[in-house]
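Asks: I'd like to ask you about the structure that follows.
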Amino acid sequence: MIKALRSYVRVVDRLSDWVGIVAMSLIVVMIAVLLLDAVTRNVIRMPLHWCVEVAQFTLAAYYFLGGAMTLKNNDHVRMDLFYDRLSERGKAGLDFVTMACLLFYLGVLLVGSISSLEYAIATGERRFSIWNPSMIPIKALMSACLVLMILQTVSLAIKYAAKWRGVQIP
């Protein structure tokens, strides 16, 4: 059983790292799109209406894709009122409880995002703008990234439970 848990943690952690690296590259894409917009609008005097919306979608994708890696690397915001005073075992127990709460929250978000995706597919939802892009790709990405964050949350819960029991799972 421990071997299966270690394999799960290893696979999910690697997947989160890979997706996080893809997310990091989106910043370069966003900068390029905004630079293109600035040049075409101010130098050529031919504004491209899609640039700002592509930059917005890219930023949203960056946030969605980076969530699992942020969780894995423990780079999220934490309020340490009494956490630092706990023993390592106490921290692991509190982190496990936090992961359980996060799992519930992410589950609710996933249900909502799937509902929103189903609505977008059923109605062919589009953003109201000059460019009028479909909302389906970004909503599908949001749902997929929430699944990855749930997988990463389970991975972290496994790590914290093992740490609380005194077992090492990388």
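Asks: Report the local net charge at Lys72: Lys and Arg +1, Asp and Glu -1, summed over other residues whose C-beta lies under 9 Å from its C-beta.
Replies: Value of the local net charge: -3.
Asks: Hey, how much of the P(r) for the chain falls beyond 19 Å, as a percent of Cα pairs?
Replies: Taking all Cα-Cα pairs of the chain, the fraction more than 19 Å apart is 66 percent.
Asks: Let me ask you something else. Round to the nearest 10 and give me the degree value, 0 to 90, for the angle of helix 50-72's Cα axis relative to the longest principal axis of the chain.
Replies: Value to nearest ten degrees: 10.
Asks: While we're on this one: What does the extension gain come out to for Phe104 and Glu53, with contour length at 0.36 nm per residue minus their alpha carbon separation?
Replies: Going from the current span to full extension adds 15.2 nm.
Asks: Across the chain, how many lysine pairs separated by 8 or more positions, or lying on different chains, have Cα atoms within less than 30 Å?
Replies: 10
Asks: Using a Gaussian network for the chain with springs between C-alpha atoms less than 10 Å apart, which of these wobbles most: Leu106, Leu141, Leu36?
Replies: With Cα springs under 10 Å in the chain, the top fluctuation among Leu106, Leu141, Leu36 is at Leu36.
Read the figures in this text as sums done on the coordinates, not as results from a lab. Given the structure is predicted, the values throughout are model-derived calculations rather than measurements. FYI the Cβ positions are ideal-geometry reconstructions off the backbone, even for glycines, and counts take in every protein chain you see.
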